Amino acid sequence: MSISSEHKPLGKQVTSSLQTLSPIVELNVGGEMYTTTLSTLKKHPGSKLAEMFTGQPKLRTDSEGRFFIDRPGTYFKYILEYLRSNQVPTQCIQDVYREALFYDIEPLIKQLEDSPQIFGELVARKQFLARVPNYSENIELMIRIARAEAVASRRSSVIVCVVRTEEDAARCQDALNSLDMDKKSVVKFGPWKATPSISDLLDCIQMDVEAKGYKISFQPHVAEKGFRFKSYDYFYKFLFTWW
């Protein structure tokens, strides 16, 4: 049986320009359905979201004719709340911030960056880690070593040497040489020129490895030889638990 034209979804009738659309727009954002107005979506003309709905259609439609945006739909409601009432979200801040960056809604981005969560991450923690040489590369190296040692094991460990100053690095060199001679892999972090301490960096390492989905803990590691100082001030064993 054929379907009469008046029952066809509105979005399927759009063939040329979005100006022909009703001011009411139906959206499918990653499987979540939303209804809003064209003026709400275009509230910030310089944003990527506004550009999606300006001029010729730039979006595909789903089977029901709703405009489809391939992004996490859960957080789009917070974007809409902001566009409708300038309400800055207080939940899921990190996730909403990523979506605000994607849609390039500059006023929301700036307000979120003033929140404690984003400010602390971007201005404090990230700026500190940027001063730790090869930090990201060392995180990846730790993971590679742990995975290589995980065969038929429940846990694997990685020895980490953390030195804040050049003097600390000099103190550790004999122990590092001994570990190298024993063919034990050690990942060395530092030195760095910033206020945070060794314990702060250890917390960052754990946070960033866990953020990749790994279960991890750490404890002081006593170097058996080649060390004239307290090795547990600089050497730590990170334990990866696989099951």
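General remarks:
- Annotation: residue 77 fulfils all but one of (1) closer than 19 Å to residue 24 by Cβ; (2) open to solvent by 60 Å² or more (accessible area, probe 1.4 Å); (3) more than 21 Å from the chain's Cα centre (by Cα); the unmet one is (3).
- Residues of the range 26-72 classified as touching a Ser or Thr at 6+ places or on another chain (Cβ under 7 Å), free of Cβ contacts under 8 Å to residues at least 40 places away in the same chain and acidic (Asp, Glu), total: 0
- Residue count, the range 89-99 (criterion: of a type in the set (Val, Ile, Thr) and buried (at least 16 other Cβ atoms within 10 Å of the Cβ)): 2
- Hits in the range 189-217 - residues which are more than 14 Å from residue 130 (Cβ to Cβ), touching a residue at least 12 places away in the same chain (Cβ under 8 Å) and open to solvent by 80 Å² or more (accessible area, probe 1.4 Å): 212, 215
- Top-ranked residue in the range 179-188 [being modelled with pLDDT under 85 and either in contact with a strand residue (DSSP E or B) (Cβ under 9 Å, 6 or more places away or on another chain) or in a helix (DSSP H, G or I) (or both); ranked as least open to solvent (accessible area, probe 1.4 Å)]: 179
- For the range 9-36, the set of residues classified as modelled with pLDDT of 90 or more and open to solvent by 20 Å² or more (accessible area, probe 1.4 Å) consists of 24, 26, 30, 31, 32, 33, 34, 35, listed by residue number.
- Filter pass, residue 124 being at negative phi, of a type in the set (A, V, I, L, M) and open to solvent by 50 Å² or more (accessible area, probe 1.4 Å): yes
- Matching residues in the range 78-118 - criterion: being more than 19 Å from residue 32 (Cα to Cα) and polar (S, T, N, Q): 85, 86, 87, 90, 94, 111, 115, 117
- All positions within the range 61-70 that are at pLDDT below 95, open to solvent by 50 Å² or more (accessible area, probe 1.4 Å) and in contact with a strand residue (DSSP E or B) (Cβ under 9 Å, 6 or more places away or on another chain): 61, 64, 66
- Residue match in the range 163-178 (condition: outside any helix (DSSP H, G or I), touching a helix residue (DSSP H, G or I) at 6+ places or on another chain (Cβ under 9 Å) and open to solvent by less than 90 Å² (accessible area, probe 1.4 Å)): yes
The values are calculated or read from the model by the stated rules, or taken from the named source; none is laboratory data. These figures come from a predicted structure and were not determined experimentally. In this analysis, Cβ positions are derived from the backbone assuming ideal geometry, glycine residues included, and neighbour counts consider all displayed protein chains. Areas reflect the complete protein model, heavy atoms only, side chains present, ligands, DNA and RNA absent. Shrake-Rupley method; radii C 1.70, N 1.55, O 1.52, S 1.80 Å.
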